[in-house]
Amino acid sequence: MPIYEYVCESCNNYFALFKHLSTADEDSLCPNCGSEKVKKQLSSFSCSMPDGGSSTGGSFSGGFSGGG
Ligand SMILES: [Zn+2]
């Protein structure tokens, strides 16, 4: 179930609600003051990766020796 984040414009209260896709578009009430003037926040799950990420080749030291 997706999580929708809201911010109340009356008391600036931040809260998240678990809402279904069918009821996601419905307005929510602030659990703090009960105001209906809440703004839906867009939660970004994608994390930005730093530019230039080249893995440097490491030297693996062999530890296994073939014994007969
Ligand atoms: Zn509020």
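For this structure, a couple of remarks:
- Selected residue (criterion: most open to solvent (accessible area, probe 1.4 Å)) from residues of segment 16-37 that are more than 12 Å from Ile3 (Cα to Cα) and of a type in the set (A, V, I, L, M, F, W, C): Leu29
- Test for Leu29: is it at pLDDT 85 or above, within 16 Å of the ligand (Cβ to nearest atom), assigned to a loop (DSSP other than H, G, I, E, B) and within 23 Å of the chain's Cα centre (by Cα): yes
- Yes/no for Phe60 being modelled with pLDDT of 70 or more and out of contact with any Asp or Glu (no Cβ under 7 Å at 6 or more places or on another chain): no
- Of all residue pairs spaced 6 or more apart or on separate chains, those with beta-carbon atoms under 9 Å, a first member in segment 1-28 that is touching a residue at least 40 places away in the same chain (Cβ under 8 Å) and a second member that is open to solvent by 50 Å² or more (accessible area, probe 1.4 Å) and away from the ligand (no atom under 16 Å from the Cβ) are Ile3/Phe18.
- Per-region count, segment 1-19, residues out of contact with any Lys or Arg (no Cβ under 9 Å at 6 or more places or on another chain) and polar (S, T, N, Q): 2
The values are calculated or read from the model by the stated rules, or taken from the named source; none is laboratory data. The model shown is predicted, which means the values in this text are computed figures rather than measured ones. Cβ: placed from backbone, ideal geometry, glycine included. Neighbour counts: every protein chain shown. Accessible surface is based on the protein model in full, side chains and every heavy atom, while ligands, DNA and RNA are left aside. Shrake-Rupley method; radii C 1.70, N 1.55, O 1.52, S 1.80 Å.
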